[in-house]
Amino acid sequence: MWATAVGVARVRALESERENALFRDPLARAFAAAGGLWPSSPPLPDDEAARRRRLAVTFSIVIRTKFLDDLLQQASASGVRQIVLLGAGMDSRAFRMDWPEGTRLFEVDTAAPLDFKASVLRQERAVARCERIAVAVDLREDWPRTLTAAGHDPTMPTVWIAEGLLIYLPGDAVDLLLARISAQSAAGSRMGLTLGSRGAIERFGADAVPGSAASMWVSEMPDDPVGWLAGHGWEASCHTLRERAAAYGRPISTPPQHEEGPGGLISAVRR
């Protein structure tokens with residue numbers, strides 16, 4: 001699945017080239033090139049519907065990246081100095097964002113993507129702007145124990161980021177992940193999640209190419225994400241892609257194709 005993370009890096013590289021980019025990711029192009037997804041010219045779409053789906057996914061990656069960047073900056077400003085990126089993939093926030101002194105950023109993923117990433121970072125001579133700790137563990141295993149052994153302190157507030165991750169996990173695995181996060185979260189911890197919107201699997205995954213990202217989607221957001229997270233001890237706010245895109249100066253010009261429920265961009269605070 002880590003090849004999907006290289007695809008996300010390609011999207012971030014293309015966004016970084018825009019004059020009015022919502023973020024700049026200097027390492028994204030190197031990740032995409034090393035993974036065989038550069039130069040930037042995309043393959044010809046199979047049809048108009050496929051092209052529209054591809055553009056929609058690309059747009060959502062850009063907006064969610066900006067949303068979580070803002071959440072992390074706000075958490076840092078509030079004094080949180082521990083960050084955990086779950087399923088970190090090719091995330092380069094340790095290198096591209098400014099962090100207060102004393103910040104520790106843990107990148108949790110399996111060994112294969114972390115090893116690939118490390119080779120690109122060495123090639124680029126990348127220098128992290130905070131203490132960056134790679135934690136090689138499968139999220140299906142007892143990752144909290146491994147994370148604690150790597151230096152994470154569950155008695156201190158943490159920012160947890162699960163970006164583009166939960167949609168690949170079945171419902172019981174999502175609930176287990178949330179339970180484990182909650183058990184490791186001191187009061188004042190923050191969380192940023194991206195959830196698959198209702199109907200996304202039907203719209204994007206039904207005729208997805210086998211092996212593509214959409215073909216592996218299995219989980220959509222609950223009908224009441226605020227209540228769901230409250231059950232885990234979090235006070236959450238939901239934001240729609242359309243709402244955040246408008247706030248970032250990238251309004252979606254087309255009317256919604258279906259009834260829009262709660263948004264899949266989630267910010268939460270541990271009480």
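For the chain, modelled as a GNM whose springs connect Cα atoms under 10 angstrom apart, the maximal fluctuation among 80, 137, 127 occurs at 127.
Computed over the chain, the per-residue total of -39500 (n - 2.57) for DSSP H runs of n ≥ 4 gives a 222 nm mean residue ellipticity of -11500 deg cm²/dmol, rounded to 500.
Using a probe radius of 1.4 angstrom, the carbon and sulfur fraction of the accessible surface of the chain is 53%. Only Cα pairs within less than 10 Å get springs; with that Gaussian network setup on the chain, which residue of 110, 158, 194 has the largest fluctuation? Of 110, 158, 194, the Gaussian network model singles out 110 as fluctuating most.
Accessible area per residue for the range 63-270 is 45 Å², calculated with a 1.4 Å probe on protein heavy atoms, without ligands, DNA or RNA. Volume per residue for the chain equals 130 cubic angstrom (convex hull of Cα atoms). Relative contact order, whole percent, for the chain stands at 16, derived from Cα pairs under 8 Å and 6 or more residues apart.
Restriction of the GluC sites (Glu not before Pro) in the range 10-79 to DSSP coil positions whose beta-carbon has at most 13 other beta-carbons within 10 angstrom yields 17, 19.
Filter the DSSP H helices in the chain by two things, a Kyte-Doolittle mean of at least -1.0 and an axial alpha-carbon span of 30 angstrom or more, and list the hits by number.
Qualifying helices: 48-77.
Projecting label points 7 angstrom from Cα along Cα→Cβ for residue 52 and residue 77 puts them 3.8 nm apart.
The values are calculated or read from the model by the stated rules, or taken from the named source; none is laboratory data. Computed from a predicted structure; not experimentally measured. Please note: Cβ atoms are built from the backbone with ideal geometry, for glycine as well, and neighbour counts cover all protein chains shown. Keep in mind that these areas ignore ligands, DNA and RNA; they rest on the heavy atoms of the full protein, side chains included. Shrake-Rupley method; radii C 1.70, N 1.55, O 1.52, S 1.80 Å.
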